[in-house]
Structures are given as structure tokens and as C-alpha cells.
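Accompanying notes for the structure given below.
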Amino acid sequence: MSERPVIQIERPTTWVALTGFMGVGKSRIGRELARSLVLHFIDLDRYIERQMGLSVADIFRHLGEPTFRQLEAAAVEELTQKDYLVLSLGGGTFVNPENRARLLARGPVVALWASPETIFERVRRRPGERPLLRGPDPLQRICQLMAEREGLYRQAPLHVSTDGRRIPEVVDEIIKRLWDYAQPRG
């Protein structure tokens, strides 16, 4: 029996997480980034939904946000042990100090950014899927939550804007920044 050939793929990292507010493009960009880097892709919210057999909205509605955050923390703990992975986080995942510490230790983490107006345009079509945006003024709620979370997202070592940009352009910039990040400083 012959041995399988070992194929080396040159890439800046074998694991990366994408954080940022809802609607910045973490899932769509993460999927394309994984394809470009020849890595697996996991959307954390979809991962939890598959485990629970419930949508995130239904978990919030029936089990409450604290239960969702416990499920999220357990998934982060599990998935930071994996290799060959692009992990798209939920908008609130990085807010939890234990999640943030675990993700930064595993790293690299890329924070994606967009303006509140861009985010509102992207998420307003499916408000039922965004439990934190229920209420009379979702744009104001986006601005409030973004202001609360900005300092936490800023702790990620890499930052890329998705405002007015096509996905391939954003993916190319992330890969370039990952290569720069991977180079030893000296």
C-alpha cells in the first residue's frame, strides 16, 4: 500500500475568527475567506442552531439570552481547539470576556466594520432573525449597541472595513493583513 502524498498549502494561518457587529458581513466574507485559504468554514450561530435544533431567534425567545450565551461560550471553547478553520462569530460573541480571551489566545481575530446605516440596510430585510433589533427604532438600537461594543471589537489585532466594498476585495485585504500579521516582527 502506498503512502498518501503530503500536500502543503501556503497560507498565512490555519485558523482565523471574524468578529464585528451584526450585518458587517462576517458569514459571507468568512465563507469566501475559507475558500481562498482552503480551510473549513463554520458560522457560530448556524453551528449552535444545528446543535439545538432551534434558530437563534427561537433560542432567545424560548430559552432566553443567558442560555444562548452559555451555548455560545461552550461552542467557542470547542471550536478554538480545531485547526484549519475560519470561524464567523455572532455579533455578541466577542463581548463575553472569556470568549474574547480564548479567541485572542487562539488568534488571529479580524474585526470587520461597517457604518450603522450600512448595517441597517443589510439587516432590515430580516428583522425577525435579529432578536436584539426588535423595537421601534432599530437604527438607533444599532448605533447604541455599536457604541457599547466598539472598544471590545477594537481589541482584535486586525481591522477591515466592509462599507461599500465587494466581498473579493475585502477577502483580499484580510489575506494581505493575515500575511503581515504572520511575519515575525523585528
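Report, by residue number, each residue of the stretch 8-39 that is in contact (Cβ under 8 Å) with a residue 24 or more places away in the chain and over 14 Å from the mean Cα position of the chain (by Cα). Ile9, Arg11, Pro12, Thr13, Thr14, Ser36, Leu37, Val38, Leu39 - these are the residues of the stretch 8-39 that are in contact (Cβ under 8 Å) with a residue 24 or more places away in the chain and over 14 Å from the mean Cα position of the chain (by Cα).
Condition check: surrounded by 13 or more Cβ atoms within 10 Å (Cβ to Cβ), hydroxyl-bearing (Ser, Thr, Tyr) and touching a helix residue (DSSP H, G or I) at 6+ places or on another chain (Cβ under 8 Å). Does Thr162 satisfy that? Answer is yes for this residue.
Assuming Tyr153 fulfils every condition listed in (1) open to solvent by 70 Å² or more (accessible area, probe 1.4 Å); (2) closer than 16 Å to Ile119 by Cβ apart from one, which condition is it? Of the numbered conditions (1) open to solvent by 70 Å² or more (accessible area, probe 1.4 Å); (2) closer than 16 Å to Ile119 by Cβ, the odd one out for Tyr153 is (1).
Return the residue satisfying two criteria in turn: it lies in the stretch 86-102 and is over 9 Å from the mean Cα position of the chain (by Cα) and in contact (Cβ under 8 Å) with a residue 40 or more places away in the chain, and of such residues it is farthest from Leu39 (Cα to Cα).
Per the criteria, the residue is Val95.
Among residues of the stretch 34-49 being among the charged types (D, E, K, R) and closer than 13 Å to Leu79 by Cβ, the one that is least open to solvent (accessible area, probe 1.4 Å) is Asp43.
Somewhere in the stretch 87-96, is a residue open to solvent by 30 Å² or more (accessible area, probe 1.4 Å) and of a type outside the set (S, T, N, Q)? Write out each step before concluding.
The initial filter retains those residues of the stretch 87-96 that are open to solvent by 30 Å² or more (accessible area, probe 1.4 Å), namely 95-96.
Filter once more, keeping what is of a type outside the set (S, T, N, Q): 95.
For the stretch 87-96, residues open to solvent by 30 Å² or more (accessible area, probe 1.4 Å) and of a type outside the set (S, T, N, Q): present.
Of all residues in the stretch 53-69, those satisfying the criterion of being touching a helix residue (DSSP H, G or I) at 6+ places or on another chain (Cβ under 6 Å) and part of a helix (DSSP H, G or I) are Val56, Ala57, Ile59, Phe60, Phe68. Name the single residue, out of those in the stretch 16-33 being open to solvent by 10 Å² or more (accessible area, probe 1.4 Å) and part of a loop (DSSP other than H, G, I, E, B), that is farthest from Leu145 (Cα to Cα). My answer is Gly25. For the stretch 80-115, the set of residues classified as of a type in the set (Val, Ile, Thr) and closer than 12 Å to Trp15 by Cβ consists of Thr80, Val86, Val109, Val110, listed by residue number.
Inclusion of Thr118 among residues that are closer than 26 Å to Thr14 by Cβ and open to solvent by less than 50 Å² (accessible area, probe 1.4 Å) is not warranted.
The values are calculated or read from the model by the stated rules, or taken from the named source; none is laboratory data. All values derive from a computational prediction rather than experimental measurement. Cβ coordinates were reconstructed from backbone atoms using ideal geometry, including for glycine residues, and neighbour counts include every protein chain displayed. Heavy atoms of the whole protein, side chains included, go into the accessibility calculation; ligands, DNA and RNA do not. Shrake-Rupley method; radii C 1.70, N 1.55, O 1.52, S 1.80 Å.
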